[in-house]
Amino acid sequence: MMNKKKYNIVTYGCQMNVHESEKIAGMLCELGFENCDKMDEADVVVFNTCCIRENAENHAYGNIGMLKKLKMQNRGMIIAVGGCLTQQMGKAENLHEKFPYVDIIFGTHNLHKLKGYLILKQKQKKPVISVEDDEGIVFEGDKPYRTSYPNAWVNITYGCNNFCSYCIVPYVRGRERSRKSDLIISEVKELVSQGYKEITLLGQNVNSYGNGTDDISFPQLLEKIAKIEGKFRLRFMTSHPKDFSEELAKVIAENPKICRCVHLPVQSGSDNILKAMNRKYTVEDYLNKISILKKYVPDCAVTTDLIVGFPAESEEDFEATLNLVKKVNYSSAFTFVYSKRDGTVAAKMDNQIPEEISKKRIIELVDLVNSLTREHSSVYIGKTVEILCEGFDEKKNVYFGRDEFGRMAYFGFNENVVGEFVNVKINRVNGVSLFGERV
Ligand code: SAH
Ligand code: SF4
Ligand code: F3S
């Protein structure tokens, strides 16, 4: 039997991209390729890029640059670059100039056409560069090759209309559009019947699902999905605080399949900065939303995203962020140093903060977040929690999986329990990680 041709996909960025890499893998499988872990053994290498911060972008450039040598040794190899980086205005042309050996450059808007581009590239010598078309369509008919059993991701919206002043996403993902609820529901039903145990609904701002269409609201969608038969967990991300509603808090409270864990990015604890960020809520509004959530779901874990060093952020603004973090008592948080993105409103603002100051602030913030995380973890000692086992770590010889609040637990066991819900008694914690034994 002839050996199948192989592909390797390198993914940067968020969960949205991770899932889109599964869609790319699906297309490659349809073309008869099979996955391989080593780039130097692959016939097709795809980079699915991110440009949310400068370092994400540089990382991708570094790796595409390193591939030149491999391409010289194996001229038949096809290199494709897609994702948010290529979708930035003028970036596809720049990339082509910088890396002329890249065969295919595609964007987020036309990802579903990659299969056609690969077929075309096999026929023609010149590169295929296409990032422009199809903005705004909601493509259906993906056949993702899912790689994260027992977890599965399902898109509910694409794009973003919020234009937070620091953020590049609306420019590289286009305007917000929602998938039809009946298609989402049937996709989830099928995944559950296939044995997937954790479904995560994806959108840049899931709370505005259905906006501008005659479809149902996000809480209604969530409730319908939570009523699907079978044992599974339901998560969603990301929630924008401005659209987080009491109705949503009620739906979480009333439906045990929905994880008691909400990611509610606040970005800053200062009203001045929130205004300059165009976040459309104040600290008071945000705290009110948290109170509503806790009123209905008292044990709900809340996580967040925080940015330090936004233009003109003063010491007082930063202190306000530290205070808010303490007040909300987040169970964990992603912390970022502001990164100037060309084309965004904030990039043109005066008073960009010097790197030394941002560095000092991020260290202080990370210390605070870590201490809260440790406190949240210490509560677990001696408790038994239900873990959905996600995999086996061969090096450490332990299984691992998360509880409904999103905490990762590691435990020893002598039978394969991947994809099963198991009870684990926690006897040790380290940072965000829990360690225990199956009971
Ligand atoms: N749509 C989601 C998340 C988008 S990006 C939301 O609105 O919450 C994930 C996180 O990256 C953001 O929440 C923000 O904290 C961070 N981020 C976005 N742009 C950034 C920038 N220019 N510099 C630093 N962090 C940024
Ligand atoms: Fe970016 Fe704001 Fe949209 Fe999130 S809501 S993707 S931070 S513009
Ligand atoms: Fe995600 Fe990065 Fe794009 S965070 S939406 S892959 S810019």
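Every residue, every condition in (1) away from ligand 2 (no atom under 16 Å from the Cβ); (2) within 30 Å of Ala347 (Cβ to Cβ), yes or no:
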residue: Cys14; (1), (2): no, yes
residue: Glu20; (1), (2): no, yes
residue: Leu31; (1), (2): yes, no
residue: Asn35; (1), (2): yes, no
residue: Lys38; (1), (2): yes, no
residue: Val46; (1), (2): yes, yes
residue: Asn58; (1), (2): yes, yes
### Message
Looking only at region 193-235, filter to residues that are within 16 Å of ligand 1 (Cβ to nearest atom) and farther than 21 Å from Tyr281 by Cα; which one of those is most open to solvent (accessible area, probe 1.4 Å)?
### Response
Arg235
### Query
Restricting attention to region 172-192, which residues are within 16 Å of ligand 2 (Cβ to nearest atom), open to solvent by 30 Å² or more (accessible area, probe 1.4 Å) and either modelled with pLDDT of 95 or more or assigned to a loop (DSSP other than H, G, I, E, B) (or both)?
Arg175, Glu176
### Query
Mind checking whether some residue in region 139-155 is at pLDDT 95 or above and within 15 Å of ligand 3 (Cβ to nearest atom)?
yes
### Query
Can you name the condition, by its number, that Ile168 falls short on among (1) under 16 Å from Cys84 (Cβ atoms); (2) more than 14 Å from ligand 3 (Cβ to nearest atom); (3) in contact with an Asp or Glu (Cβ under 9 Å, 6 or more places away or on another chain); (4) among the aliphatic types (A, V, I, L, M)?
(2)
### Message
With the requirement that a residue be more than 16 Å from ligand 2 (Cβ to nearest atom), closer than 26 Å to Met277 by Cα and either in a strand (DSSP E or B) or of a type in the set (Val, Ile, Thr) (or both), what does region 293-307 give you?
### Response
Ala301, Val302
### Query
How many residues does region 374-405 contain that are in a strand (DSSP E or B) and either crowded, with 18+ Cβ neighbours inside 10 Å or among the aromatic types (Phe, Trp, Tyr) (or both)?
10
### Task
Take Cys167 and decide whether it is touching a Pro at 6+ places or on another chain (Cβ under 6 Å), open to solvent by less than 30 Å² (accessible area, probe 1.4 Å) and within 15 Å of ligand 1 (Cβ to nearest atom).
no
### Message
Can you tell me which of (1) touching a residue at least 12 places away in the same chain (Cβ under 8 Å); (2) away from ligand 2 (no atom under 16 Å from the Cβ) is the one Cys50 doesn't meet?
### Response
(2)
#### Entry: Residue list for region 86-128, restricted to those being part of a loop (DSSP other than H, G, I, E, B), under 28 Å from the mean Cα position of the chain (by Cα) and at negative phi
Gln88, Met89, Phe99, Val102, Asp103, Gly107, Thr108, His109, Asn110
### Task
Evaluate region 351-373: report whether one residue or more is more than 16 Å from ligand 1 (Cβ to nearest atom), more than 24 Å from Lys326 (Cβ to Cβ), surrounded by 14 or more Cβ atoms within 10 Å (Cβ to Cβ) and touching a residue at least 24 places away in the same chain (Cβ under 8 Å).
no
#### Entry: Considering residues of region 80-103 that are farther than 25 Å from Val169 by Cβ and in contact with a Lys or Arg (Cβ under 9 Å, 6 or more places away or on another chain) only, the residue nearest to ligand 3 (Cβ to nearest atom)
Asp103
### Task
Give the residue that is nearest to the chain's Cα centre (by Cα), with candidates limited to residues of region 416-439 that are among the polar types (S, T, N, Q) and open to solvent by less than 90 Å² (accessible area, probe 1.4 Å).
Ser433
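The values are calculated or read from the model by the stated rules, or taken from the named source; none is laboratory data. No experiment lies behind these values; they were computed from the predicted model shown. Quick reminder, even Gly has a Cβ in these numbers, built from the backbone with ideal geometry, and neighbours come from all protein chains shown. The area values use the complete protein model at the heavy-atom level, side chains included, leaving out ligands, DNA and RNA. Shrake-Rupley method; radii C 1.70, N 1.55, O 1.52, S 1.80 Å.
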